[in-house]
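One structure is given here, and the rest of the page talks about it.
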Amino acid sequence: MSKRADLLARIARTVAELAPDRIVRVAIDGVDGAGKTTFANELAGVMVDFGRPVIRASVDGFHNRRAIRYAKGRQSPIGFFEDSYNYALLKQYLLEPLSPGGNRRYCIASFDHVTDKPVDLVEREASSNSILLLDGIFLHRPELRPYWEASIFLRVDFPVSVARNAVRDGISPDPADGANRRYVEGQRIYLSKCAPEDYATIIIDNNDLAEPALVKKCW
């Protein structure tokens, strides 16, 4: 078994053992390019072996309208940090229904940021012992932290994460390039203001995708 597969299996087992009789909400956080979506998808695949239903979602399904996202300017780091997502709808459609006392009827997306239009809401009903794996940036903001029974932060250096984004999105691989300022500096604001590593229950160094390293586990 590879080091990555072994780590995923260990985390999947730990998460699957949390609160077996109720819904567990898990955040997979990290800067853009940290590998959150891939990690969450792989973790979901491994968790099938532990007998609990998995709900996969991304905060990217809850973007704000373009006019709101860029209201402070298209290059604004603070605008990126403050205005990218509609947290009210994230809570209304996904997090609150899956919270203790919620009705378990949830939607995994409300908006398509590519078309800049709302999507048709598709309501599903969660099993009472489901595990939500939600990936995205900024998930350790103070208003979101109370929702997580567990949270994972993928630690990746900016030169590595921006280089990954360059391959994915065709942008400059240089974190200091002006085209990256909004995103890199916006995420620096998040790291400074919200200190996600202080609150994450698991920290993984994900600079090397083949050999991620467990840095912290608070169980």
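Structure above, values below:
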| quantity | calculated |
| --- | --- |
| Residue count, segment 191-219 (criterion: modelled with pLDDT of 95 or more, more than 18 Å from Thr38 (Cβ to Cβ) and surrounded by fewer than 22 Cβ atoms within 10 Å (Cβ to Cβ)) | 10 |
| Residue list for segment 67-82, restricted to those being over 19 Å from the mean Cα position of the chain (by Cα) and farther than 19 Å from Leu191 by Cα | Ala67, Ile68, Tyr70, Ala71, Lys72, Gly73, Arg74 |
| Selection count where residues are touching a strand residue (DSSP E or B) at 6+ places or on another chain (Cβ under 7 Å), part of a loop (DSSP other than H, G, I, E, B) and farther than 21 Å from Val54 by Cβ, scope segment 109-129 | 2 |
| Qualifying residue in segment 159-167 (condition: assigned to a helix (DSSP H, G or I), hydrophobic (A, V, I, L, M, F, W, C) and buried (at least 22 other Cβ atoms within 10 Å of the Cβ)) | yes |
| Condition broken by Gln75, with the remaining ones in (1) more than 25 Å from Ile11 (Cβ to Cβ); (2) free of Cβ contacts under 8 Å to residues at least 12 places away in the same chain satisfied | (2) |
| Of all residues making up segment 103-118, the number that are surrounded by fewer than 16 Cβ atoms within 10 Å (Cβ to Cβ) and either in contact (Cβ under 8 Å) with a residue 24 or more places away in the chain or among the acidic types (Asp, Glu) (or both) | 3 |
| Among residues of segment 1-28, those that are touching a helix residue (DSSP H, G or I) at 6+ places or on another chain (Cβ under 9 Å), farther than 14 Å from Glu149 by Cα and touching a residue at least 60 places away in the same chain (Cβ under 8 Å), counted | 1 |
| Any pair with Cβ under 7 angstrom, 6 or more apart, that starts in segment 142-153 at a residue that is in a loop (DSSP other than H, G, I, E, B) and ends at one that is surrounded by 20 or more Cβ atoms within 10 Å (Cβ to Cβ) and of a type in the set (A, V, I, L, M) | Trp148/Val26; Trp148/Ala27; Glu149/Val24; Glu149/Val26 |
| Exclusive hit being surrounded by fewer than 21 Cβ atoms within 10 Å (Cβ to Cβ), at pLDDT 95 or above and polar (S, T, N, Q), set Ser128, Ser151, Ser172 | Ser128 |
| Criterion (touching a strand residue (DSSP E or B) at 6+ places or on another chain (Cβ under 8 Å), in a helix (DSSP H, G or I) and either surrounded by 14 or more Cβ atoms within 10 Å (Cβ to Cβ) or modelled with pLDDT of 95 or more (or both)) met by exactly one of Leu94, Leu133 | Leu94 |
| Residue list for segment 29-66, filter: over 20 Å from Leu95 (Cα atoms), in a helix (DSSP H, G or I) and within 15 Å of the chain's Cα centre (by Cα) | Thr38, Phe39, Glu42 |
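The values are calculated or read from the model by the stated rules, or taken from the named source; none is laboratory data. Quick caveat: nothing in here was measured; it's all calculated off a predicted structure. Neighbour counts run over all protein chains shown; Cβ positions are idealised from the backbone, glycine included.
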